[in-house]
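Asks: What follows is a structure written as structure tokens; I'll ask about it next.
The values are calculated or read from the model by the stated rules, or taken from the named source; none is laboratory data. Small disclaimer: the values here were computed from a predicted structure and weren't measured. Cβ placement follows ideal geometry from the backbone for every residue including glycine, while neighbour counts extend to all protein chains displayed. The area values use the complete protein model at the heavy-atom level, side chains included, leaving out ligands, DNA and RNA. Shrake-Rupley method; radii C 1.70, N 1.55, O 1.52, S 1.80 Å.
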Amino acid sequence: MADGGVWVFRKDGVMELENAAGAASSRSGPGNRALVYVPENETMRSLQALEQRLGAHGWERYYENRDVVQLHRRDGSLDLISLPRDFSQFRSTHMYDVVVKNRGHFKVVDL
């Protein structure tokens, strides 16, 4: 069994597993990457801003507790996006979840 680690997307779109020592590096942290709403070239800086943009594409709140907000599509699809309520906990995995489920509307950029 492999050692634990963190899955990270490289610039070429390939995912790789960083070992536990590499996972602590700033490379996978939100300080080096940002989620951008492509039509307006707007960097998402808060949960409220992201929710507003996702709402325009058919997403609405499905469930929430003190740590997590989950969104689902109004059209009844099975897609779900889970986001941390505390936006400082927003990580690359959350960003890519948004990108994959909203192709063409969002992208992740290196800062």
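Asks: For region 41-68, which residues satisfy the criterion of being in contact with a helix residue (DSSP H, G or I) (Cβ under 8 Å, 6 or more places away or on another chain) and either over 13 Å from V98 (Cα atoms) or modelled with pLDDT under 85 (or both)?
Replies: E42, R45, S46, R61
Asks: Is it the case, given these coordinates, that R61 is open to solvent by 60 Å² or more (accessible area, probe 1.4 Å) and not in a strand (DSSP E or B)? It would help to see each step written out before you state the result.
Replies: Numbers: open to solvent by 60 Å² or more (accessible area, probe 1.4 Å): yes; not in a strand (DSSP E or B): no.
For R61, the condition - open to solvent by 60 Å² or more (accessible area, probe 1.4 Å) and not in a strand (DSSP E or B) - is not met.
Asks: Taking V98 as meeting all but one of (1) β-branched (V, I, T); (2) closer than 18 Å to V8 by Cβ; (3) at pLDDT below 95, write down the number of the exception.
Replies: Status for V98: all satisfied but (3).
Asks: Among the residues in region 12-28, are any touching a Lys or Arg at 6+ places or on another chain (Cβ under 9 Å) and either modelled with pLDDT of 70 or more or assigned to a loop (DSSP other than H, G, I, E, B) (or both)?
Replies: Within region 12-28, not a single residue is touching a Lys or Arg at 6+ places or on another chain (Cβ under 9 Å) and either modelled with pLDDT of 70 or more or assigned to a loop (DSSP other than H, G, I, E, B) (or both).
Asks: Are there any pairs, at least 6 apart or on different chains, whose C-beta atoms fall under 6 Å, with the first in region 58-77 and of a type in the set (F, W, Y) and the second surrounded by 13 or more Cβ atoms within 10 Å (Cβ to Cβ) and at pLDDT below 90, and if so, which?
Replies: Hits for this filter: zero, empty list.
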